[in-house]
1. Between I144 and T125, what is 0.36 nm times their sequence separation minus the Cα-Cα distance? Round to one decimal in nm.
2. With the full set of protein chains in place, find how many percent of the accessible area of region 18-133 is carbon and sulfur; take the probe as 1.4 Å.
3. Please provide three numbers in whole Å: the alpha-carbon extents of region 1-49 along the principal axes, with the largest listed first.
4. Rg and Dmax of region 1-136, using alpha carbons, in Å: what are they?
Amino acid sequence: FAGLGTSVFAADRYDNDVYKSTDNGITWSALHSGISSPYSLTATATNLYAGCYGYGVYVSTNSGTTWGTAAGGTYSGWVNAVATDGSAIYAGTDGGVYCLPSSTGSWGPVNTGLTVLKVTSCLVTGGSLFVGTAGGGASKRALIELSVGPSSNEVPAQFSLSQNYPNPFNPNTT
């Protein structure tokens with residue numbers, strides 16, 4: 001669900017549509033949006049965003065009448081949740097959280113601190129991004145900590161993989 005002005009919007013992935021109510025949810029009308037599998041919605045004062053399951057993030061600048069890709073292109077993964085603070089869009093996906101800041105216009109991951117990357121819900125409120133994950137609980141990050149910069153072609157000089165003891169699932173390790 002999302003609110004924009006005096007309208008309420010609901011996403012229906014199975015009907016492949018977005019529904020709009022202008023009378024506080026008493027009646028609903030299909031927008032025949034043309035976007036596939038809308039799964040979650042969020043809004044700013046002027047724009048409506050749809051996270052689509054398997055099809056990325058789309059934006060409507062006219063209350064859902066027409067839809068296009070978000071500035072900087074759409075994140076093309078499985079979007080389970082979408083949130084915005086007005087200056088960036090956050091897409092909760094099967095591979096973590098991706099951010100599209102209006103300042104850079106490019107999607108980038110913001111997964112530091114997430115132990116489970118399958119994100120099922122997102123909310124931006126009070127200067128923080130709250131993320132719910134499948135089996136990994138919830139996480140809270142201050143928006144000021146999240147940044148997406150240009151990608152680097154740097155490669156680590158070395159890495160190592162070591163045994164992790166003790167193994168709580170194997171009683172023979174201590």
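1. Computed gain between I144 and T125 is 5.6 nm.
2. 51
3. Principal axes ranked by extent give 25, 23, 14 Å for the Cα atoms.
4. 14.0, 42
The values are calculated or read from the model by the stated rules, or taken from the named source; none is laboratory data. Quantities reported herein were computed from a predicted structural model and do not represent experimental measurements. SASA here: full protein model, heavy atoms, side chains in, ligands and nucleic acids out. Shrake-Rupley method; radii C 1.70, N 1.55, O 1.52, S 1.80 Å.
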